[in-house]
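Inspection log for the structure reproduced underneath, given as structure tokens.
Just so you know, all these numbers are worked out from the coordinates, no wet-lab data involved. These numbers come from a predicted model, not from an experiment. As a convention, Cβ positions derive from the backbone with ideal geometry for all residues, glycine included, and neighbour counts pool all protein chains shown.
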Amino acid sequence: MILPEKILITGGAGFIGSHVVRRFIKSGSYEVFNLDKLTYAGNLENLKDVEANPNYHFINGDICDYTFIKSLFHEHDFLGVIHLAAESHVDRSIANPMEFIQTNVVGTVILLNVAKEFWNGKDGKRFYHVSTDEVYGSLDDEGFFLETTPYDPKSPYSASKASSDHFVRAYGNTYGLPYVISNCSNNYGPNHFPEKLIPLMINNIKNKKSLPVYGKGENIRDWLYVEDHARAVQLIFEKGTTGETYNIGGGNEWKNIDLVHLLCDLMDQKMNNPQGTSRRFITFVKDRAGHDLRYAIDATKLSEELGWKPAFQFKEGLQKTIDWYFENEDWLDDVTSGDYMKYYEQHYSRSS
Ligand code: NAD
Ligand code: TYD
């Protein structure tokens, strides 16, 4: 019998991480160690359905704790690390950049350094950094981000992710650490913390609260259903070429205001409201500082080399997402209690 391989997934209690953990466990080929600090964005409810699986282990810890990370590698001979733990919200990075440098940069370098020490010379190891398309900066109306597009991060969040990408490549180049990196566009789907655009709008429409659109709502994002991202992560981890970078995107660009209109209309149908009810709650608020205009991904390399394509149509994915938030009201109540309202009120009073 072939034993499942041990892998370390960081940030597995967060939005994307929980879908990645579930996918790797369900494949049956891995024993997954989910290392997560459980910040405001981490939630073990996201993994309730797999917590009893013998191939799943939760470890509550901080990637910035060097001694602790060393002790983990001492105890387990991991085949690979899939690193997702991060501070992930641009608005929070504008309000408090230092936490982003600590977790996203220092934490990543600690993981790299420990992996380098323990893996030195061993075959078949892989350090996978899950990153963002925001490292490439902002596009005008035309063009797409390619793997060769020069880095030009513009927010503290994207600068911290760009920095961690650079450290991953530096460890590959200098110490021969086997790595892969992927840079993905905006994800959406179940378990998304309601501070990001789509879940925030779903929560506010549901509660008849105002719908804050930054600036004129003309910024453009490329949206990808989270399970399509998780599938790409497994493919790249298993079949991607060491030392390579893969862009992942949905080929699905939406202007924010058009997306908010679509959400209002889908939610009105769901709640049996007369058409147009929710759109009346849209409020244009002060723009985000340094707001990137447009992100758009060219994912040809991933599609040609590894045969990946998004499986979910946008409206299908959005409908599944909306349905999930209605079926999981306890989850929503839980994450929007406590400090959530404090953040929300402070942030949106600054934006209005
Ligand atoms: P998230 O904020 O939902 O989850 C982050 C997780 O990391 C949480 O569970 C949190 O508790 C954990 N964490 C934070 N600091 C930690 C620390 N110091 N030690 C251990 N755990 C810690 O984030 P997400 O949206 O799921 O994003 C996951 C990763 O994917 C991030 O690296 C992000 O940059 C990247 N990414 C996100 C998107 C997106 O659209 N959300 C797109 C592309 C790439
Ligand atoms: P967000 O979900 O924060 O992702 P990112 O900034 O990483 O792309 O924001 C997506 C877009 O929606 C971005 O252009 C900012 C905008 N936005 C709003 O207009 N209102 C909001 O309340 C939020 C959170 C975002």
If r is the Cβ-Cβ distance from Ser337 to Lys255 and R0 is 35 Å, what FRET efficiency results, to the nearest 0.05? 0.60
Given R₀ = 22 Å, FRET efficiency for Lys122-Phe68 by Cβ-Cβ distance, to 0.05? 0.55
Below 8 Å, C-alpha to C-alpha, sequence gap of six or more: please give me the relative contact order for region 165-246 in percent. 47 percent
Using amide H atoms built in the peptide plane, which far-off residues or other-chain residues are under 5 Å from Tyr214 H to H? Val285
Structure-based [θ]222 nm, the chain - -39500 (n - 2.57) summed over DSSP H runs of at least 4, per residue, nearest 500: -12500 deg cm²/dmol
For region 14-128, max minus min Cα coordinate along each principal axis, in Å, sorted largest first? 41, 36, 20
For the Cα atoms of the chain, what angle does the longest principal axis make with the long axis of helix 226-239, in degrees from 0 to 90, nearest 10? 20 degrees
Calculate the all-directions average of the projected area of the chain's alpha-carbon convex hull, and give it in nm². 17.3 nm²
Computed magnitude of the charge dipole of region 38-179 (debye, nearest 20; Cβ of K, R +1, Cβ of D, E -1): 580 debye
Between Glu99 and Ile2, what FRET efficiency comes out of the Förster formula 1/(1 + (r/R0)^6) with R0 = 41 Å and r the beta carbon distance, rounded to 0.05? 0.50
Loop-only GluC sites (Glu not before Pro) in region 1-91, please: DSSP not H, G, I, E or B, and at most 14 other Cβ atoms within 10 Å. Glu51
Can you say what percent of the DSSP beta bridges in the chain, counting only those with both residues inside, are antiparallel? Round to 5. 10 percent
Work out how much length Asn273 to Lys48 would gain on full extension: take 0.36 nm times their residue separation and subtract the Cα-Cα distance, in nm to one decimal. 77.7 nm
Taking the convex hull of the alpha carbon atoms in region 197-352, what volume per residue do you get, in Å³? 141 Å³
Among rounded, prolate and oblate, which fits region 37-194 when a ≥ b ≥ c are the square roots of the eigenvalues of its C-alpha gyration tensor, a/c under 1.5 means rounded, and a/b larger than b/c means prolate? oblate
Which residues make up the longest stretch of the chain clear of trypsin sites (Lys or Arg not before Pro) that lie in a DSSP loop with no more than 16 other Cβ atoms within 10 Å, not counting the sites? 1-121
